[in-house]
Amino acid sequence: MPAYAYRIVNVFTQARAVLSGNPLCVFERAQTLDAPRMQALALQFNLSETTFILPSERASARVRIFTPGYEMPFAGHPTLGTAHVCRALGLGGDRLTLEMAAGIIPVRAAGDRWTFQANAPSWREVEEPRLALAAMLGLEERDIAERPLWVNAGREQLIVPLTSEAALRRVWVRAELLAQLQSVHGQSQVYVFAPVGAALVARFFFPKGSAVLEDPATGSATANLGGWCLAMDRTLPCEFEISQGEYTGRPSALRLRVDAERQVLVSGDVIELGRGTINL
């Protein structure tokens, strides 16, 4: 019976606290696993994502990303966490590339702080009126700031700016209304953010069955926020420290930079928590 090695890492940790950030399971060598086994393992671990490292002829490694229910073309914290494991396995150094369904993603490190460069983002307007967005979020129309957009820097999501931290704290997503707002890939996911001084606070919501769950740290949505900044013609370069995860008991810290060349860069610290093997 073959044994498959995996590592558990936490990504976007806050002040390098061991049990902060977003957890990820990374299988080190998955070339003999087929997609149904990968999906079953992701359900077994039941984290937001589980990744599988495979050989690549185009990059340092090929990576497949699974939630407990489906495969994803790209996700932020799996990119940084998997890069951390790839370096530990000798598949690259502080600069490497990961081949994903969404394309080749460049990743670099300064110590255990990792940064990925997102795909060039695209965006489209939201057809629903602001009142409908407010109702979906359990807010008043005046709590919605300018300008909600669908943004895609690897994975399309609904990006909704709010007017205040108080509004962000009041968000209570209605599952039946969220289900009516779907990305080009047929998924219903919403990222809300608000200014707190020079920094930002953010929350990310997605459905699981009939419930709505909240993610502690969402790198793909942070990249999409970079696309929102480009759509809004923000002065470049721009950079934000973003806090997320307060309401999940997993405080997280993310950094977004959109440079003068319009490149979207997302950074965060990664900590390895443990290792093991599973027999199949």
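The values are calculated or read from the model by the stated rules, or taken from the named source; none is laboratory data. The shown structure was predicted, so the numbers you read here are calculated from the model rather than taken from an experiment. So basically every Cβ, Gly included, is an ideal-geometry build from the backbone, and we count neighbours across all protein chains shown. For the accessible areas, the whole protein counts, side chains as well, though only heavy atoms, and no ligand, DNA or RNA atoms are used. Shrake-Rupley method; radii C 1.70, N 1.55, O 1.52, S 1.80 Å.
Summary of computed values
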item: Residue ID - farthest from residue 254 (Cα to Cα), chosen from residues in segment 199-218 that are open to solvent by less than 10 Å² (accessible area, probe 1.4 Å) and part of a strand (DSSP E or B); result: 204
item: Complete set of residues in segment 146-179 that are free of Cβ contacts under 8 Å to residues at least 24 places away in the same chain and not charged (D, E, K, R); result: 148, 166
item: Selection from segment 75-115 of residues that are in contact with a Gly (Cβ under 6 Å, 6 or more places away or on another chain) and either farther than 16 Å from residue 267 by Cα or at pLDDT below 95 (or both); result: 86, 102
item: Filter result (out of contact with any helix residue (DSSP H, G or I) (no Cβ under 9 Å at 6 or more places or on another chain), within 19 Å of residue 78 (Cβ to Cβ) and either in contact (Cβ under 8 Å) with a residue 60 or more places away in the chain or assigned to a strand (DSSP E or B) (or both)) within segment 228-251; result: 245, 250
item: Scope segment 44-103; condition among the basic types (Lys, Arg) and crowded, with 16+ Cβ neighbours inside 10 Å; matching residues; result: 62, 64, 87
item: Number of positions in segment 184-195 that are assigned to a loop (DSSP other than H, G, I, E, B), modelled with pLDDT of 95 or more and either of a type in the set (Gly, Ala, Ser) or open to solvent by 50 Å² or more (accessible area, probe 1.4 Å) (or both); result: 1
item: Residue that is modelled with the highest pLDDT, among those in segment 123-171 that are over 22 Å from the mean Cα position of the chain (by Cα), surrounded by fewer than 13 Cβ atoms within 10 Å (Cβ to Cβ) and under 27 Å from residue 266 (Cβ atoms); result: 166
item: Any hit, segment 258-273, residues being assigned to a helix (DSSP H, G or I), surrounded by fewer than 22 Cβ atoms within 10 Å (Cβ to Cβ) and not aromatic (Phe, Trp, Tyr); result: no
item: Exclusive hit being surrounded by 14 or more Cβ atoms within 10 Å (Cβ to Cβ) and not β-branched (Val, Ile, Thr), set 244, 180; result: 244
item: Residues (out of contact with any Lys or Arg (no Cβ under 8 Å at 6 or more places or on another chain), surrounded by 18 or more Cβ atoms within 10 Å (Cβ to Cβ) and aliphatic (A, V, I, L, M)) located in segment 1-38; result: 9, 11, 24, 33
